[in-house]
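**Q** Take a look at the following structure, please.
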Amino acid sequence: MALNQLNFSIENASPTVALGEAFHLGVVGSGDLEMIIESKEQGGAVSFQILSPVTGFDDLWKRVADAFVRESGLGNAHIEINDNNATPAVVMLRLRQALAEATAR
Amino acid sequence: MTKWTDLQSASFLESNARDRALGLVDEGSFTEFCGPMDRRPSPHLGVLGDAVEYDDGVVTGVGRIGETPVFVISQEGRFIGGAVGEVHGAKIVNTVRLAIEMLDAMVAKNPDTPEAHKPIVVFSFETGGVRLHEANAGLLAHAEFMDQVQKARGKVPVIAVIGSKVGCFGGMGFVAAAMDAIVMSEFGRLGLTGPEVIEQEMGREEFDSSDRGLVFRTTGAKHKYIMGDCNFLVKDSVAAFRAQIADLAVLPIADFEAMRRIGSEAAVDKQLALVALAVELQPKDSLDVWAHAGNEAPAELNDAPYEEFIAKAQRLAV
């Protein structure tokens with residue numbers, strides 16, 4: 001019944017992108033999500049904390065997160081997501097958007 | 001994050017709660033209270049397995065328009081329809097409380113504080129009222145907010161701004177009606193019982209909620225403007241709302257009494273006269289009332305663009 005909480009880390013031995021100050025993006029609308037993306041020194045890894053009403057897709061979350069970290073080169077970061085039934089494509093879009101806006105500042 | 005200059009020309013209807021809050025005050029002047037970084041989601045939704053948001057669906061904070069401190073409340077309709085829960089409610093109530101405390105402190109320090117330096121509250125509504133998941137806390141917040149509006153009366157103008165997708169319905173419709181002034185764009189909708197609920201309770205013959213024309217003719221801003229339920233009708237841009245608020249910000253507090261809908265014997269008499277008129281007219285559609293108000297071609301007026309509507313519309317006098 002309670003929200004499904006997911007915590008995991010994606011290792012990144014050679015990060016190419018680092019973050020500045022913490023950044024918030026998005027609205028928890030239906031099929032959408034909000035996220036806070038901030039820098040966190042943890043040996044290159046990107047840690048995720050996801051709160052979602054959806055259960056049974058833990059592996060898919062990890063695959064999307066893994067694809068994002070490999071594609072972006074992001075490292076030493078912590079990402080918190082409050083999800084409201086977003087599809088993997090929307091999750092990926094928001095991750096890219098958050099990184100683009102966070103690094104543009 | 002959207003740039004302030006880009007926000008000004010942006011559609012108010014399409015803007016999210018945070019962009020509206022940022023855009024309504026001067027560039028770079030907005031400071032958010034209890035924002036997403038403070039991580040204060042609803043303690044109830046998560047337990048029920050429903051999605052949570054760190055700001056609980058409302059942006060609160062303070063900025064400036066010129067020399068006027070502007071306390072801003074801006075609801076996010078995409079998060080559970082902008083419904084009011086416990087944290088959301090606490091944020092909106094305390095924002096008004098802070099504005100009153102600021103005024104009291106200013107006046108205590110300098111009794112001759114110019115009107116333009118005194119704070120105002122601007123509430124951008126996008127809500128269906130109480131959040132049913134935490135209904136007791138939500139209802140209590142409505143009552144507490146009304147209480148703050150009464151405390152603010154004659155001190156701090158509390159201005160409603162309605163031009164977002166969800167409109168302003170349910171208990172929050174009462175709250176808006178209790179405020180000093182209401183500013184709407186033609187896409188704004190204001191009411192108590194929402195169209196779907198009326199249809200559900202009274203039947204489709206009474207109210208067809210799928211008829212968007214009917215919904216807007218009944219709850220929409222053009223009708224509210226003619227009826228006097230809203231004070232000002234502006235174009236759908238952040239800049240237009242901001243300009244109207246800037247005009248209001250410098251007015252002496254006494255000027256707001258005449259704009260109010262409730263809270264005086266004269267206001268009660270006016271409401272009773274409207275009820276008597278409804279009995280006499282037996283209107284089948286809002287356009288019947290528009291015609292009675294002196295609008296010769298109400299259907300054409302209803303379809304008219306903003307400039308033409310504002311130039312031609314005759315407002316109901318009772």
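The values are calculated or read from the model by the stated rules, or taken from the named source; none is laboratory data. What you see is a predicted model; the values in this text were computed from it and never measured. All Cβ positions, even for glycine, are placed from backbone atoms using ideal geometry, and neighbour counts span all protein chains on display. When the accessible area is computed, the model is the full protein with side chains, heavy atoms only, and any ligands, DNA or RNA have been set aside. Shrake-Rupley method; radii C 1.70, N 1.55, O 1.52, S 1.80 Å.
**Q** Is it the case that some residue within the range B:42-60 is surrounded by fewer than 22 Cβ atoms within 10 Å (Cβ to Cβ), more than 13 Å from chain A (Cβ to nearest Cβ) and at pLDDT 95 or above?
**A** Checking the range B:42-60: not a single residue is surrounded by fewer than 22 Cβ atoms within 10 Å (Cβ to Cβ), more than 13 Å from chain A (Cβ to nearest Cβ) and at pLDDT 95 or above.
**Q** Sticking with this structure for a sec: How many residues does the range B:61-92 contain that are in a helix (DSSP H, G or I), open to solvent by 10 Å² or more (accessible area, probe 1.4 Å) and among the hydrophobic types (A, V, I, L, M, F, W, C)?
**A** 3
**Q** Moving on to the next point. Looking at the structure I just gave you, is A:F68 open to solvent by less than 10 Å² (accessible area, probe 1.4 Å), of a type outside the set (V, I, T), within 14 Å of chain B (Cβ to nearest Cβ) and touching a helix residue (DSSP H, G or I) at 6+ places or on another chain (Cβ under 8 Å)?
**A** Considered against the rule, which asks whether it is open to solvent by less than 10 Å² (accessible area, probe 1.4 Å), of a type outside the set (V, I, T), within 14 Å of chain B (Cβ to nearest Cβ) and touching a helix residue (DSSP H, G or I) at 6+ places or on another chain (Cβ under 8 Å), A:F68 comes out as no.
**Q** Given B:D26, B:D55, B:D19, B:D50, which one is of a type in the set (D, E, K, R), assigned to a helix (DSSP H, G or I) and in contact (Cβ under 8 Å) with a residue 12 or more places away in the chain?
**A** Only one candidate passes the filter, namely B:D19.
**Q** Filter the range A:74-105 down to residues that are within 11 Å of another protein chain (Cβ to nearest Cβ), more than 12 Å from the chain's Cα centre (by Cα) and closer than 19 Å to A:S30 by Cβ and give me whichever is surrounded by the fewest Cβ atoms within 10 Å (Cβ to Cβ).
**A** By that ranking, first place goes to A:N85.
**Q** Among the residues of the range A:44-65 satisfying the criterion of being in contact (Cβ under 8 Å) with a residue 40 or more places away in the chain and away from chain B (no Cβ under 14 Å), which is surrounded by the fewest Cβ atoms within 10 Å (Cβ to Cβ)?
**A** A:D58
**Q** For B:D247, state whether it is touching a Phe, Trp or Tyr at 6+ places or on another chain (Cβ under 9 Å) and open to solvent by 40 Å² or more (accessible area, probe 1.4 Å).
**A** yes
**Q** Conditions first: (1) acidic (D, E); (2) open to solvent by less than 40 Å² (accessible area, probe 1.4 Å); (3) within 14 Å of chain A (Cβ to nearest Cβ). B:D26 passes all but one, so which condition is the exception?
**A** It fails just one condition, (3).
**Q** Could you identify the single residue in B:E76, B:E86 that is within 14 Å of chain A (Cβ to nearest Cβ) and touching a helix residue (DSSP H, G or I) at 6+ places or on another chain (Cβ under 6 Å)?
**A** Every option except B:E76 fails the conditions.
**Q** I'm trying to understand the selection: among the residues of the range B:174-221, which are under 25 Å from B:E308 (Cβ atoms), within 16 Å of the chain's Cα centre (by Cα) and open to solvent by 20 Å² or more (accessible area, probe 1.4 Å)?
**A** B:E186, B:F187, B:R189
For every residue, the table says whether it meets (1) closer than 30 Å to B:E76 by Cβ; (2) assigned to a strand (DSSP E or B).
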site: A:L25; (1), (2): yes, yes
site: A:V28; (1), (2): yes, no
site: A:F48; (1), (2): yes, yes
site: A:D59; (1), (2): no, no
site: A:K62; (1), (2): yes, no
